[in-house]
1. Taking H as built 1.01 Å from N, whose amide H comes closer than 5 Å to the amide H of C161, not counting residues under 5 places away?
2. Mind listing the phi-derived Karplus ³J(HN,Hα) values for the range 232-240, rounded to whole Hz, using 6.51, -1.76 and 1.60 with θ = phi - 60°, and x for any glycine or proline?
3. Treating only the Cβ of Lys, Arg, Asp and Glu as charged (+1, +1, -1, -1), what charge dipole size does the chain show about its Cα centre? Round to the nearest 20 debye.
4. For the chain, report the % of Cα-Cα distances exceeding 29 Å.
5. Please compute the per residue accessible area over the range 3-265 with all protein chains in place, 1.4 Å probe, rounded to a whole number of Å².
6. Just the Cα atoms of the range 106-257: what Rg and Dmax do they give in Å?
7. Pulled fully out, how much extra length does the chain show between E24 and R81, if you take 0.36 nm times their separation in residues and subtract their Cα-Cα distance?
8. Amide H neighbours of S127 under 5 Å, counting only residues 5+ apart in sequence or on other chains, H built in-plane at 1.01 Å?
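The values are calculated or read from the model by the stated rules, or taken from the named source; none is laboratory data. Treat the numbers as computed from the prediction; the structure is a model and nothing was measured. Methodologically, a virtual Cβ is constructed for each residue, glycine included, from the backbone with ideal geometry; neighbour enumeration extends over all protein chains shown. With ligands, DNA and RNA removed, areas are computed over all heavy atoms of the protein, side chains included. Shrake-Rupley method; radii C 1.70, N 1.55, O 1.52, S 1.80 Å.
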Amino acid sequence: MRLFDTHCHLQDPAFAGDESAVIERAAAAGVEGMLVCGYDLHSSRAARELAATSPLVVAAVGVHPHDAASADLATLDEIARQAGGPDVAAVGEIGLDFYRELSPRGAQLAALEAQLAIAVACGKPVSVHSRGAEDVILAPLQAFACRSGPARGRHVGVMHCFGGTLEQALAFVEAGFAVSLSCAVTYPGNHEGRRLAAGLPLEAIVVETDSPYLPPQGRRGQRNEPANVRFAVEAVAEARSADPVAIAETSALTARRLFAASVSATGAR
Ligand SMILES: [Zn+2]
């Protein structure tokens, strides 16, 4: 099974000292690529350092909406400088979180707009976090897609660990985004997740672990890791009554196309 984990945080302290074993287990499980997303300056640098250690790892740099209050001009300048690097595959994770609202909404919107402009300027896709803000974030993402779409081809970014409704998800697909489903689709109570898995066009589905968070059912409470991305694939396949291998192939192809610049630069498939 060919797998691509489109969103993980291998630079998280939960993996300290264990990164190469985790990458090896992912490779053994068929993971041919994993996007390690930054959430602030430090973790963005760490994502690039990890990408330099393995052809399986590609880096995204960005400031998470939780940290948006820290995204001053100097920080955004540094993100812009890093995002332009040939080893950086995407800008992320960026977005809006009106559910936990750890940074004020105005700061979140300003950091989002600034980082979307950075992604346009350097021609990179985006990894987007949206929680409780799907109806607000659609317009800025549509504007981003209009500005970057022609250069990027089919998809301009990924809605990471999407938690909205199928109807909302289809609006993002219409705008040019792929929708990422996590191992949370395995949770018995997650009916909307399985509705998304069944109802989205297959070409728009990618999968992720969001490691170290969101372990699959049966491993809840444990540290999640990219090798577990197959559980997301299997849950999507079950919801669609489809072959997991076909789901894995198509979603890995979508992910490779999105993050191709860096993946090809590192010599991975
Ligand atoms: Zn994340």
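1. S180
2. Running phi through 6.51 cos²θ - 1.76 cosθ + 1.60 with θ = phi - 60° gives 5, 4, 5, 5, 5, 4, 5, 5, 9 Hz.
3. Working: 22 positive and 30 negative charges, 94 e Å.
The calculated dipole for the chain is roughly 440 debye.
4. Values: 7841 of 36046 pairs.
Everything past 29 Å amounts to 22 percent.
5. Working: 9990 Å² over 263 residues.
Here the per-residue accessible area is 38 Å².
6. So, for the range 106-257, Rg and Dmax equal 15.2, 44 Å respectively.
7. Details: separation 57, 0.36 × 57 = 20.52 nm, distance 3.07 nm.
Here the answer is 17.5 nm.
8. Those lying under 5 Å, H to H, from S127 are V91, G92, I94, V158.
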